[in-house]
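Quick notes on the structure that follows.
The values are calculated or read from the model by the stated rules, or taken from the named source; none is laboratory data. The structure displayed is predicted, hence computed values, not measured ones. So basically every Cβ, Gly included, is an ideal-geometry build from the backbone, and we count neighbours across all protein chains shown.
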Amino acid sequence: KLIVILNGPNLNLLGQREPETYGYATLADIEADCAALSGELGLVTRFEQSNHEGALVDMIQAARGDAAGVIINPAAYTHTSVAILDALSAFDGPVIEVHLSNIHKREAFRHHSYVSARADAVIAGCGAGGYALALRHMAGLVSG
Ligand code: DQA
């Protein structure tokens, strides 16, 4: 089964960007970890990143009828994007929201997530390891 893993704006800079908040793993490191783990779990992953809201909407629409589940770190669009929420609501399978940092421990404007209204699970504050936790949980949700 295919799981689409989507990453929003500025996550292409992981490893260089505020490492005290987001860690030293790069997005390529996380992609490699997800590819290895998905093999173990009997899943296939498509790992994508965009800095553009509409491109992320297109990627979510492309998952319709194609992917069994979506894992998404919408980054700053978490806190602003009704368009990403609506696109996820048009997707039938499970959705897991991931944040590297614990958004609830940070500035007040990061405490609200539009995407959480659709997410079946939310993982925040586990750093890069949150993606692996999401994939393991997703494997259970899409099994059978
Ligand atoms: C983030 C948290 C967001 O508030 C922030 O805008 C990001 C990354 C995280 O993974 O912790 O870009 O989604």
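Within the range 96-144, which residues are closer than 14 Å to Ile72 by Cα and among the aromatic types (Phe, Trp, Tyr)?
Tyr114, Tyr131
Any idea which of (1) under 18 Å from Ala132 (Cβ atoms); (2) part of a loop (DSSP other than H, G, I, E, B); (3) in contact (Cβ under 8 Å) with a residue 24 or more places away in the chain is the one Asp66 doesn't satisfy?
It is condition (1) that Asp66 fails.
Taking Tyr77 as meeting all but one of (1) closer than 16 Å to Leu6 by Cα; (2) touching a Lys or Arg at 6+ places or on another chain (Cβ under 6 Å); (3) within 9 Å of the ligand (Cβ to nearest atom), write down the number of the exception.
(2)
Kindly indicate the residue of the range 54-69 that is among the aliphatic types (A, V, I, L, M) and more than 15 Å from the ligand (Cβ to nearest atom) and also surrounded by the fewest Cβ atoms within 10 Å (Cβ to Cβ) among those meeting that condition.
Step one: of the range 54-69, the residues among the aliphatic types (A, V, I, L, M) are 55-57, 59-60, 62-63, 67-68.
If we keep only those that are more than 15 Å from the ligand (Cβ to nearest atom) too, we end up with 55, 57, 59-60, 62-63, 67-68.
On the way: Ala55: 15, Val57: 19, Met59: 21, Ile60: 25, Ala62: 13, Ala63: 26, Ala67: 23, Ala68: 19.
Taking the candidates together, the pick is Ala62.
Please go through the range 92-144 and give me each residue that is part of a loop (DSSP other than H, G, I, E, B) and either more than 16 Å from the chain's Cα centre (by Cα) or more than 25 Å from Asp33 (Cα to Cα) (or both), ordered by number.
Applying the first criterion (part of a loop (DSSP other than H, G, I, E, B)) to the range 92-144 yields 92-94, 100-102, 106-107, 111-114, 118-120, 125-128, 143-144.
Scanning the range 92-144 gives Asp92, Arg106, Glu107, His111, His112, Ser113, Tyr114, Arg118, Ser143, Gly144.
Mind listing just one residue for me: the one in the range 1-28 that is closer than 18 Å to Thr78 by Cβ and polar (S, T, N, Q) and, of those, farthest from the ligand (Cβ to nearest atom)? If you could, list the steps in order and put the result at the bottom.
Taking the range 1-28 first, the residues closer than 18 Å to Thr78 by Cβ are 4-14, 17-18, 21-23, 27.
Checking which are polar (S, T, N, Q) leaves us with 7, 10, 12, 21.
On the way: Asn7: 9, Asn10: 5, Asn12: 11, Thr21: 7 Å.
Among those residues, the one meeting the criterion is Asn12.
Which pairs do you get when a residue that is farther than 17 Å from Gly54 by Cα, found in the range 1-22, comes within reach of a residue that is within 8 Å of the ligand (Cβ to nearest atom) and of a type in the set (Phe, Trp, Tyr), reach meaning Cβ atoms under 8 angstrom, with the pair 6+ apart or on two chains?
Correct list of pairs: Leu14/Tyr22.
Would the range 130-142 turn up any residue that is more than 15 Å from the ligand (Cβ to nearest atom) and touching a Phe, Trp or Tyr at 6+ places or on another chain (Cβ under 8 Å)? Step through it out loud before you land on a result.
At the first step, the residues of the range 130-142 found to be more than 15 Å from the ligand (Cβ to nearest atom) are 135-142.
Keeping just the survivors that are touching a Phe, Trp or Tyr at 6+ places or on another chain (Cβ under 8 Å) gives none.
No.
Going residue by residue through the range 34-47, is there one that turns out to be part of a loop (DSSP other than H, G, I, E, B), modelled with pLDDT of 95 or more, surrounded by 13 or more Cβ atoms within 10 Å (Cβ to Cβ) and of a type in the set (Val, Ile, Thr)? Can you show your working first?
Filtering the range 34-47 down to residues part of a loop (DSSP other than H, G, I, E, B) leaves 41-43.
Filter again for modelled with pLDDT of 95 or more, leaving 41-43.
With surrounded by 13 or more Cβ atoms within 10 Å (Cβ to Cβ) added as a condition, the list becomes 41, 43.
Add one more test, that the residue is of a type in the set (Val, Ile, Thr), and what stays is none.
Scanning the range 34-47 turns up no residue that is part of a loop (DSSP other than H, G, I, E, B), modelled with pLDDT of 95 or more, surrounded by 13 or more Cβ atoms within 10 Å (Cβ to Cβ) and of a type in the set (Val, Ile, Thr).
Condition test on Gly69, is it farther than 14 Å from Asn7 by Cβ, modelled with pLDDT under 95 and not charged (D, E, K, R)?
Details: farther than 14 Å from Asn7 by Cβ: yes; modelled with pLDDT under 95: no; not charged (D, E, K, R): yes.
Here the answer is no, as Gly69 does not meet what is asked.
Does Phe109 count as among the aromatic types (Phe, Trp, Tyr), in contact (Cβ under 8 Å) with a residue 12 or more places away in the chain and within 12 Å of the ligand (Cβ to nearest atom)? Lay out the reasoning, then the answer.
Numbers: among the aromatic types (Phe, Trp, Tyr): yes; in contact (Cβ under 8 Å) with a residue 12 or more places away in the chain: yes; within 12 Å of the ligand (Cβ to nearest atom): yes.
Criteria met by Phe109.
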